[in-house]
Amino acid sequence: KLPTRSEWLSAAVPLGWASPYQYDDYRLAKPNFDAAGTLPVRRPATTPSHAGCVDMTGNVWEWVMDWCPARSAQSELDETRRALQCRMTLGGGWRSPLHDLNLTTFAPLAPGSRCVDVGFRCIRLGK
């Protein structure tokens with residue numbers, strides 16, 4: 001299944017960090033961003049998260065099950081999001097600027113959309 005935002009954040013916390021909200025030095029993860037395309041996962045010098053996941057920032061935005069929250073009832077953007085019923089993508093992609101490469105920034109994307117810098121990770125359910 002696709003992870004929830006909470007599950008994704010939990011799996012993405014880098015080694016040595018207690019919370020995704022402490023993670024503000026994106027260079028520690030050596031993300032692929034502002035580039036010409038994706039890179040292979042587990043390339044040399046990639047540091048895994050505490051859960052063993054790699055490349056959680058950069059390379060591709062990753063779908064999660066959560067719907068995007070509304071920011072304010074009057075916002076035109078909120079009406080668009082509500083009409084499209086957008087889900088969250090997290091982590092930033094290879095076309096992203098550096099400020100998008102953190103664990104808590106999300107981008108709204110309507111289900112069924114296709115983008116060259118969006119992908120997904122599945123999680124295995126416990127027994």
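The values are calculated or read from the model by the stated rules, or taken from the named source; none is laboratory data. Note that the structure is a prediction, hence the values are computed from the model and not measured. Because the Cβ atoms are built from the backbone with ideal geometry, glycine has one as well, and the counts that use them run over all protein chains shown. Just the protein is used for accessible areas: all its heavy atoms, side chains included, with ligands, DNA and RNA removed. Shrake-Rupley method; radii C 1.70, N 1.55, O 1.52, S 1.80 Å.
Taking the criterion of being in contact with a strand residue (DSSP E or B) (Cβ under 6 Å, 6 or more places away or on another chain) and farther than 16 Å from Ser6 by Cβ, the residues of segment 101-110 that qualify are Leu101, Ala107, Leu109. List the residue pairs whose Cβ atoms are under 8 Å apart, where the first residue sits in segment 36-64 and is of a type in the set (Asp, Glu), the second is in a loop (DSSP other than H, G, I, E, B) and modelled with pLDDT of 80 or more, and the two are 6 or more positions apart or on different chains. Between residues of segment 36-64 that are of a type in the set (Asp, Glu) and residues that are in a loop (DSSP other than H, G, I, E, B) and modelled with pLDDT of 80 or more, the close pairs are Glu62/Met56; Glu62/Gly91; Glu62/Phe120; Glu62/Arg121. Counting just the residues of segment 95-110 that are under 15 Å from Leu9 (Cα atoms) and open to solvent by less than 30 Å² (accessible area, probe 1.4 Å), which one comes out modelled with the highest pLDDT? Only one residue tops the list, namely Ala107.
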